[in-house]
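The values are calculated or read from the model by the stated rules, or taken from the named source; none is laboratory data. In this text the structure is predicted, and so the values were computed from the model without any measurement. When we count neighbours, we look across all protein chains shown, and the Cβ atoms used for this are built from the backbone with ideal geometry, even at glycine.
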């Protein structure tokens, strides 16, 4: 009997994952991760970790599997929370969920599970694992979940072959309604529980308050750039090479305060992100204002009216060499090579047609259609059909 440690989060997905594994004949152990917690910034009644760990315990009892809690708050603070503060301080927008999977669930947590003699670690992610044979060697695939509406492969875009080899995703073949139905039939306490929307296991956090713990408020101005500003119709220079052109195309627009008009004030450019509409508190415009750029050096926020404002769109982005990650190492591009893929720059975005261009200076992702709010610090992930093959941090 193979032993599997399930990350029981106190939600319905991991509860059903544990049940399915037990049905398949595995020896199942439930482990709840206590991650970093700070009551001062949590929206108190939304998913405090205590309630979640109690629910996880009740599920384990109901399924008749051993259960324990591991406290990973120190590692979580080091690897996720501190990293987030640093990224925001530098004007980038990190994705804590992708990082939490890479650094905590499939690293720290996985090592604990393996030390308990586990053969595998299982989670309640909506994705699937495939196995290919190539040159006499097994290659692991990260495949999209069957439920298009819930596919979570994007959140696992930074996993390695080693991590995938030891992972199981029992609910990847099911839809969310089917998972809830199984939980209801088993009369599990989590059957009707709402999905947690918080930062991967922190619970719901008020982001500005969370950031204000380390990043001091600092008043600055909000500037509105007209959609017909000359910056959007500048003639492109001539380029010596494709690499030079892609480098140029991947640069965001550089705005100056003199290009627009002051429409309000803010408490710190590092609290805001591109594409954001809420929290600006500026009224009196015909269409809603969207953030098109933030300048940390001058503490300035640039905005434009409406979600079709040209400042929101770009077709090309760049991933620095050290940030390129291939789940499928065998498909890695050599310098000068290209690959047609389907890519996305955020969870829930429909896959978009794109071409990868690999150069020594980095990897360029060129979309067929302009993309809204390409944001530095977020992850771009690329697929071949329903398989996620690689990803990288947008630079």
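When 112, 146, 139 are checked against the criterion of being surrounded by fewer than 19 Cβ atoms within 10 Å (Cβ to Cβ), closer than 26 Å to residue 391 by Cα, in contact with a strand residue (DSSP E or B) (Cβ under 7 Å, 6 or more places away or on another chain) and not assigned by TED's automatic domain parsing to the domain that holds residue 276, 139 stands alone in meeting it.
A quick yes/no check of all residues on (1) assigned by TED's automatic domain parsing to the domain that holds residue 294; (2) touching a helix residue (DSSP H, G or I) at 6+ places or on another chain (Cβ under 8 Å); (3) crowded, with 20+ Cβ neighbours inside 10 Å:
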residue	(1), (2), (3)
329	yes, yes, no
336	yes, no, no
347	yes, yes, no
350	yes, no, no
362	yes, yes, yes
377	yes, yes, no
382	yes, no, yes
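Just one of the listed residues (74, 89) is within 19 Å of residue 33 (Cβ to Cβ), modelled with pLDDT under 95 and surrounded by fewer than 17 Cβ atoms within 10 Å (Cβ to Cβ), and it is 74.
Those strands (runs of 3 or more DSSP E) of segment 90-174 in which 2 or more residues are closer than 19 Å to residue 22 by Cα, in contact with a helix residue (DSSP H, G or I) (Cβ under 7 Å, 6 or more places away or on another chain) and in contact (Cβ under 8 Å) with a residue 60 or more places away in the chain occupy 120-122. The combined condition, being crowded, with 20+ Cβ neighbours inside 10 Å, over 17 Å from the mean Cα position of the chain (by Cα) and at pLDDT below 95, is not fulfilled by residue 284. Count of segment 230-253 residues, restricted to those that are surrounded by fewer than 16 Cβ atoms within 10 Å (Cβ to Cβ) and touching a residue at least 12 places away in the same chain (Cβ under 8 Å), is 6.
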